[in-house]
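The values are calculated or read from the model by the stated rules, or taken from the named source; none is laboratory data. Computed from a prediction, not measured in an experiment: that's the story for all the values here. With ideal geometry, Cβ positions are generated from the backbone for all residues, glycine too; neighbour counts draw on all protein chains shown. Note: accessible area is taken over every heavy atom of the protein model, side chains too, but ligands, DNA and RNA are not part of it. Shrake-Rupley method; radii C 1.70, N 1.55, O 1.52, S 1.80 Å.
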Amino acid sequence: MKTIKILSLIALFITVISCSTDDDSTPNIEVESQLIENLNAPQEGGQGNPISGEFTKFNFATGQTTVSETDWDIAFRGTIILVNGGEITGIEDEPNRTGEAAAYIASGTLASVTSVDTSLLNQDFENSPAILTGSGAGWYIYAGPPTHLITPIAGKVLVFKTHDGKYAKLEILSYYKDAPASPDAFADLDKYYTFNYVYQPNGGVTIF
Amino acid sequence: MRKILIQSLLLFFITFTYSQEQKKDSTSVENLEEVLVTATRTIRQLSSLPLPAQIVSKKEIEAVNSVRLSDILNEQTGLVTVSDFGGGEGIQMQGLDSQYTLILIDGVPLVGRSAGTLDINRITVGNIKQIEIVKGASSSLYGSEALGGVINIITENPKFGLNGNVNYRYGTNNSHDIDVNLGYRKDKFSVSAFINRYSTDGYDLIDGDGYNTVDPFSNYTFTTKLKYNFSEKTNLFISGRYFTENQEYAAPDGLNGESDSKEWNTHIKLNHRYSEKWSSYFEFYATRYKAEEFLKDSDDFLFSEGNFDQLLVRPEIRATYNPNEKSSFIGGLGWNHETLDRTDFSTNPEFNSPFVYLQYDANPTEKINVILGARYDLHSEYKSQFSPKVAGRYEINDKLSVKGSVGYGFKAPDFRQLYFDFTNSTVGYTVLGFNQVISSVPELIEEGATIRVSLSDYEGELLPENSVSFNFGGVYKPIAELTFEINLFRNNIQDLIETQVIATRTNGTNVFSYHNISKVYTQGLEINASWKLSNYLKFSGGYQLLYAKDKDAEKAFKSGEIFARLNPSSPSFQLKEDDYFGLYNRSRHMANAKVFYTIEPWKLNTNIRATYRSKYGLFDTNGNEYLDEYDDFVDGYVLFNWAVNKTIYNNYELGFGIDNIFDFTDSENISNISGRLFYGRINIKF
C-alpha cells in the first residue's frame, strides 16, 4: 500500500518536472565549450629560412579542420593564425580570403569574455594579420634561450567573427603535442594546437 | 644653472692651483677605528659616516679562507651573487642587478661588462687589505654605474723591510689557488708585487647532457704597486694589474671552443699637500679588457666567434680643502674616454665624457654631520647627468645615532644598447642598438617589414637608467661589545632600458631594439648585529627584507589584467593584486649568521657561517610574463661553511675547511653552487 503511494507521488513529480522543462523551451541553439586537441599546423622552412607550406584551416560550425577553399574561418601554420576575411597578408602559400571573418584579442578567461565588442574586430591586411605575430604581440610568448618555449599568454582570448558572420571565442592552451604540463621545446613536438572554444551558432548574437 | 655650477667649480680649481700658501704640517693622528675612503673619497671613520657602509676586513677574509671575491661577498648581508647567461657572476645589492653596482680596485673602476655583468670571479682576494661596501646611489662622487652602490677593493700595502708570504690552497674539483706576495718598504719608498694563479677542473651538476656546468679554466693575476714619498707633502703612487684567463669548452657533437680574456690596468696618482688646508691629487688611469672566444665543430669548421675589446682612459684631478676643523671640501675634474671594438657592432664607438664633482662635508656641532655633494657628467652619446646627494647623521647620545641619505644614481647606456647590430642566424631575429634604428628603418620597410613603434621615440637620445635612493637608519650600541644597525632603503629606478619589438618581418621574425621602458622600485630593510662576547668569541648576524617590483606590473595586477595558468597547458584564471611576487631573481628574505672563535693557547681560530636565501623566481612559468605566486620558484636554501686555521712557529699557518657542508645543489636552477668543497691551505710568511 505504502509502496504504491510513494510510487504515485514520484510519478506525479516527474510529470510536473517534465512539464516545466517543456515550458522553458527556447528557439536558440545552446552554446557549448569545445576542446580541440592536437590540431597540427606544420610549416616548411623557418629558423631564419623562408617559411612556406599549406595552412591548416578550421571551421567553427563543424568543429573540424577543412580543406575547403571557402568554408573555413581561421587557418593555422606554425605560430601564425589567419582569418577568412580581408586581404592576403603577403606571406607564402596563403589561402585566399572569401568570407567576412575578423578577429581581436580580448583579455580575460574563456568564461569571462561573454560578449563580442564588434568595434574591435579587424580583418587581415597586407603585412598586418588580425592576430599579430611575434612574441608578446599576439597570442604567445617565445621564451628565447635556454628553454626556447612557445607559451600561450595567459588571459588572452581570441574572439572571432566567422566567415559567415557568426561569432566564436577561443583560448589556446598549448602549442605542443598532447599539451604536456611541463613542455620541453626540444623533446615535445610543436605546432600542435590544443584549444578550448565556444561557438555561437545563432546568427547576429554577440553574447556567449 | 648647470653652466653656473661648472663655472664655479672651474673657478674653484683655478683658485686652488694658485693659492699655495704654505703652512706647517700637523701630524696626522692614526685612529684604531675602522676607516674607509669609498663613501666620501676622504678618509672617514666607518662609525661616524652618515651613509650605509660596511667593511670586510682582511682578518675575516683570511679566517674564512676566501679565494675569489664572490666567496666573501656572498656571506655579507643583503649581497648575493647572481650568474648570467654569459657565465659571469655579478653582485646583487639592495635588490638591484649587478650592472648597477660599481666595482673599484683602489678607487678606480674595472671594465668589461660584455653583457652587463662584471664577473667578480675575475678578482682574487689574495692581496686585499679590506673591502669597502657603500650602499645607495653614489653617482654624486662616482658617476655612471654607482646606482645601487659601490664596492671598492683596497689592496694591501707592504710593511717596513722586506717581507712577503706564499699562500697555497688546494680543494675539491682539483682547484689550485696560489698567491705570492712580496713587499719592501723603506722610509720614502715602498714596492710590492703580487702573483696569483687559480685553476679548477670545473664541475658538472647534470650528468649525461654532454656539457659541463663549469668548464675547466685557469687564470693569472699580476699586480705591482710602487709608492714614493718625495717629501712629507708629495707622494707618488703607481700601480699596474694584469689578469688573464683561459677556458676551454667541450660540447656534444664534437663542438669545442675556447675563451680568452685579458685585462690590464695602470693607475698613477700624484698627491701633493700645499698647506694644512689644501691638497691635490693628479690621477691617470687606463684599463683595457679584451675577450675572445670561438666555437668549432669536429671538422674545425668555425661555428661562432666573438670578440670584445674595451678601453677606458681617465685623467682626473682632485683637490681637498679644509677651511677649518669642522668642514672639508673635495672636488674633482676629469675625463672619461672609452672605446669598444666588438663583434656585431655597426661601428667602433667612442664615448667622451668630461665630469666634475664637488662635495662638502661638515660637522656644525659635534653631534651632527652633513654631507652635500653633486656631480655633473657631460656625455657625447647620451643625455648629460646631474647627480646630487645629501646625507646627514645625528648622534642622539653615546649609544644611539641616526642617519639618512638621499642620492641620485645613474647608469649610462652601454655600447650594446646604442650600437648593436646582431642577427641570430638560427632563429632569425635581429637586435639593433638605439642609435641604429632610424638608419635601419628604410631598409626594413623595403623588406616589407611592419614597423611596430612610433619612430619619433627613436629620434632623441636614449636616457641613462636612473634612480633616486633613500636610506634611513640607526646604530644602537647599548654596550661596547654589542652593536645593532638598521637601515631602511628604497630605490626608485626609472627609464630602465629594455628590448622591445620595433618591427616584424614578413617571415614572422622580429626586430628588437632598446628603449627606456620600465619603472621599478626596490625597498626593504637591512639589520646587522654583532656581539663580541670576549676577545675570543664573536657572533654576528644579518638580515635583509626585500620587495623589488615593477610599477606597471603592480598596476596591471591591481586592475585585474593579469591571468595565469596552473600549468602551461591549463585554462587561465584571473590573478589578484597580492599574487604579484615581484622581479625575477629576488629573494624576499636573505640572512646570515656567523660565529668566530679563537683558542689562543692553541693559536687556532675557527668559524662557522650560514647564509640563507628564500625562494625566488627565475622566469615566468605560467604564460603571463610576470612572476606571480602560481609560478614555479627556486626553493630557498641555506649554505653552511666551516673553516679552521692554526698558526705554527709564528710564520706558518695551516687551514682546513668545508664550504657547503651539507652538499646543497640545485642542478636545474643554480649553476654557481657546486656542491660540497673540501680544501686545505698553507700560508708561509717571511
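Annotations
- Taking the numbered list (1) buried (at least 18 other Cβ atoms within 10 Å of the Cβ); (2) within 11 Å of chain B (Cβ to nearest Cβ) in turn, A:Ala181 passes all entries but (1).
- Candidate set from segment B:501-517 (those that are small (Gly, Ala, Ser) and open to solvent by less than 10 Å² (accessible area, probe 1.4 Å)); member that is farthest from the other protein chains (Cβ to nearest Cβ): B:Ser513
- For segment B:233-282, filtered to residues that are within 18 Å of B:Leu333 (Cβ to Cβ) and in contact (Cβ under 8 Å) with a residue 60 or more places away in the chain, the residue that is farthest from the chain's Cα centre (by Cα) is B:Tyr274.
- Wholly within segment A:26-132, strands (runs of 3 or more DSSP E) carrying at least 1 residues that are among the β-branched types (Val, Ile, Thr) and either under 24 Å from B:Gln574 (Cβ atoms) or within 12 Å of chain B (Cβ to nearest Cβ) (or both): A:33-40, A:49-52, A:80-83, A:102-107
- Across segment B:566-585, the number of residues qualifying as touching a residue at least 60 places away in the same chain (Cβ under 8 Å) and over 18 Å from B:Gln494 (Cβ atoms) comes to 2.
- Hits in segment A:146-169 - residues which are in contact with a strand residue (DSSP E or B) (Cβ under 8 Å, 6 or more places away or on another chain) and within 22 Å of B:Asp620 (Cβ to Cβ): A:His148, A:Leu149, A:Ile150, A:Thr151, A:Pro152, A:Ile153, A:Ala154, A:Gly155, A:Lys156, A:Val157, A:Leu158
- Hey, A:Gly108 crowded, with 17+ Cβ neighbours inside 10 Å, of a type outside the set (Ser, Thr, Tyr) and within 30 Å of A:Thr70 (Cα to Cα) or not: no
- So B:Ile486, is it among the β-branched types (Val, Ile, Thr), part of a strand (DSSP E or B), away from chain A (no Cβ under 14 Å) and open to solvent by 20 Å² or more (accessible area, probe 1.4 Å): yes
- Residue selected from segment B:441-483 under the condition within 14 Å of chain A (Cβ to nearest Cβ) and out of contact with any strand residue (DSSP E or B) (no Cβ under 8 Å at 6 or more places or on another chain), by the criterion surrounded by the fewest Cβ atoms within 10 Å (Cβ to Cβ): B:Glu446
- Filtered residue count, segment B:551-565, keeping only those that are surrounded by fewer than 20 Cβ atoms within 10 Å (Cβ to Cβ) and touching a residue at least 40 places away in the same chain (Cβ under 8 Å): 1
- Reported count of residues in segment B:566-580, each being more than 10 Å from chain A (Cβ to nearest Cβ) and open to solvent by less than 20 Å² (accessible area, probe 1.4 Å), is 2.
- Condition check for B:Tyr220: modelled with pLDDT of 90 or more and in a strand (DSSP E or B): yes
- Summed over segment A:111-141, the residues that are touching a residue at least 60 places away in the same chain (Cβ under 8 Å), open to solvent by 60 Å² or more (accessible area, probe 1.4 Å) and out of contact with any Lys or Arg (no Cβ under 8 Å at 6 or more places or on another chain) give a count of 1.
- Of all the numbered requirements in (1) of a type in the set (Asp, Glu); (2) within 11 Å of chain B (Cβ to nearest Cβ); (3) in contact (Cβ under 8 Å) with a residue 60 or more places away in the chain, A:Asp188 misses one, and that requirement is (3).
- Of all residues making up segment B:369-406, the number that are in a strand (DSSP E or B) and either more than 30 Å from B:Leu482 (Cα to Cα) or of a type in the set (Ser, Thr, Tyr) (or both): 14
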